[in-house]
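One structure is given here, and the rest of the page talks about it.
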Amino acid sequence: MRTRLLVAGLAGATLLGMSPAQAADYNTITSFDGTPITFYWFPAVGLAPGQTAPTVLQGPGFGGQAQSNPEATSGGPVPGVGSLRQAGYNVLTWNPRGISPSGGEAMLDNPDYEGRDVQALIDWVGQQPQALLDAPGDPRVGMTGGSYGGGIQLSTAAIDTRLDAIVPVIAWNSLTTSLYKAATIKTGWVNVLMASATRPGNTFSPRILKGREQARKGMTFSDSVVEFARSAGPNQYLPGIETPTFIIQGTVDNLFPPSEAIANYRQLQLYAGVPLKMTWYCGGHGFCLTSDGSTSVALEQTWAWLDKYLKGNAAVDTGPAFTWVDQKGTYRSAATFPRPQRWEKATGAGTLALKAKGGSGPYTGPLPEGVNPLTAVLLRNTIPTPAKKAVSVPVKVARESVILGAPKLTVTYSGTTKSKKVRVLAQLVDVANKEVLGHQITPVPLRLNGKKHTVKVPLEAVSAALGKGQKLTLQIVAQSSAYNVFPKGGSVTFSKVRIALPVVQ
């Protein structure tokens, strides 16, 4: 088993406690509302006077600065600036609004703000002598980047048809379903994001700061914070995208889980109808603690995507429309995201005390070298673990099965508590590895008024290959370090718990 840090794109080098490499002075443009946006311009290697090349824009993670090293190599599935330049692409990297030395306030990659900033950058690219043009003012341009640098690609493509290819890595569909699943603040990740992004010169919208304060005190955001996050999209803007899109997502990413990628894929497939591809790798925001298989699959497919849609090499084979990896490091592929062929089911029951102790997480196992010790404390809280106190339902698969997608949970329950709003959390434990499958944990809202109720919820999507007789355990817990749900005592009795796992092979 290998342990690898795979948080590429989260907050640039800030998260790891490293400084970005230095290069020449940055350039500045003025965006639509007067906000100065700073950036670096790196022409492709070997261009002779008069020669042109397609251009790739690459944004940083939340709170991170623009890559300033013209020789930067590839990190995970995101191509490095130096690698892109060697491959014949001009590269532009920039500091998003609110991120020093750019001006303004960070607005969560909102198309009306950060999206329009990138439009201004594309305008600038269209005026450069090294830029290949499809028409005056229309450069041949694509985008790569992870996390915040992935989300901005979808926001920009929704408003600017000049984009010719995008490769959003570990991005989201909606911040209200990723950071606020079931109206529950993802406390662990809110703390990591704000701690890693807060540094001198960075400025955030007051509603981002308000959300941070609310996460410290409770499990729900105010209506104004929720609406601010919802308006950033990109889910409601996806039907406007005309750009060939290659989605890359991490199976153990529990900030922007695979469910977010599935939603993006299905919406683009249904409404936009653009050339579309998706690949999952063992990584993302977090740590791959199981076998990750070949770590180059997503990057190799990225090069093919750029070659086909930016360089215009029509003969390039970009591979299957969907590729994914299981917890054993085995890659599989399909012509589209597959629907379940059957469901592996199990039932159980039990009573859960609504107490904080004995819940899921924080992770206390080994971490990779190079992680900032202070940041490591926060990152441990984002990783769920098998709980000591839980309502547990054993799941023993009847035959060899490939699990892919969102398990379905149905619970019939009753109980009492002093809390006005109650959440429990559900996770699947891989008994063989003694780990939470995919590091995914899902909040489940309950009404505890002494009466019997039934609730059905989809859990976060997972990927797993299970042999005949292999065991998983569904755990329902009262508390986790990933989601602080502030249990205040009382109990809930689950008279029936039913879990159904989607089997695609």
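The values are calculated or read from the model by the stated rules, or taken from the named source; none is laboratory data. Everything numeric here is computed off the predicted structure, so don't read it as measured data. Using ideal geometry, Cβ is built from the backbone for each residue, glycine included, and neighbour counts are taken over all protein chains shown.
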Inspect all residues belonging to the range 303-313 and state whether any of them is assigned to a loop (DSSP other than H, G, I, E, B), touching a helix residue (DSSP H, G or I) at 6+ places or on another chain (Cβ under 7 Å) and within 21 Å of Asn264 (Cβ to Cβ). no
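Within the bounds of the range 125-138, is there any residue that is in contact with a strand residue (DSSP E or B) (Cβ under 8 Å, 6 or more places away or on another chain), part of a helix (DSSP H, G or I) and at pLDDT 95 or above? Talk me through it step by step, then tell me what you get.
Filtering the range 125-138 for residues in contact with a strand residue (DSSP E or B) (Cβ under 8 Å, 6 or more places away or on another chain) gives 125-126, 128, 130-134.
Those left that are additionally part of a helix (DSSP H, G or I): 125.
Now drop any that are not at pLDDT 95 or above, which leaves 125.
The answer is yes, given that some residue of the range 125-138 is in contact with a strand residue (DSSP E or B) (Cβ under 8 Å, 6 or more places away or on another chain), part of a helix (DSSP H, G or I) and at pLDDT 95 or above.
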For the range 58-86, give me each residue that is of a type in the set (D, E, K, R) and either touching a Phe, Trp or Tyr at 6+ places or on another chain (Cβ under 7 Å) or assigned to a helix (DSSP H, G or I) (or both). Arg85
So Lys420 ticks every box in (1) within 22 Å of the chain's Cα centre (by Cα); (2) closer than 22 Å to Leu352 by Cα but one. Which box is left unticked? (1)
Given (1) out of contact with any Pro (no Cβ under 9 Å at 6 or more places or on another chain); (2) not in a strand (DSSP E or B), Ser419 misses just (1)
State which residue is farthest from Asn313 (Cα to Cα) when the search covers only the range 226-255 and only residues that are in a loop (DSSP other than H, G, I, E, B) and among the charged types (D, E, K, R). Asp253
Counted residues, the range 197-218 - those being farther than 15 Å from Phe62 by Cα and in a helix (DSSP H, G or I): 9
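I want to confirm something. Restricting to the range 320-377 and keeping residues that are of a type in the set (Asp, Glu) and either in the same structural domain as Tyr265 (by TED's automatic domain parsing) or outside any loop (DSSP other than H, G, I, E, B) (or both), which single residue is nearest to Met194 (Cα to Cα)?
In the first step, residues of the range 320-377 are kept if they are of a type in the set (Asp, Glu); the result is 326, 344, 369.
From the residues that got through so far, the ones that are either in the same structural domain as Tyr265 (by TED's automatic domain parsing) or outside any loop (DSSP other than H, G, I, E, B) (or both) too are 326, 344.
Working: Asp326: 31, Glu344: 39 Å.
By that ranking, first place goes to Asp326.
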Determine which single condition Val402 fails, assuming it passes every other condition in (1) crowded, with 21+ Cβ neighbours inside 10 Å; (2) under 15 Å from Ala461 (Cβ atoms). (1)
Lys277: among the basic types (Lys, Arg), in a loop (DSSP other than H, G, I, E, B) and closer than 24 Å to Gly405 by Cβ, yes or no? no
Scan the range 139-183 for residues that are within 20 Å of Val125 (Cβ to Cβ) and among the β-branched types (Val, Ile, Thr) and jot them down. Val141, Thr144, Ile152, Thr156, Ile159, Thr161, Ile166, Val167
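Could you please let me know if Asp253 is within 20 Å of the chain's Cα centre (by Cα) and either modelled with pLDDT of 95 or more or assigned by TED's automatic domain parsing to the domain that holds Gly361 (or both)?
Working: within 20 Å of the chain's Cα centre (by Cα): yes; either modelled with pLDDT of 95 or more or assigned by TED's automatic domain parsing to the domain that holds Gly361 (or both): yes.
Yes.
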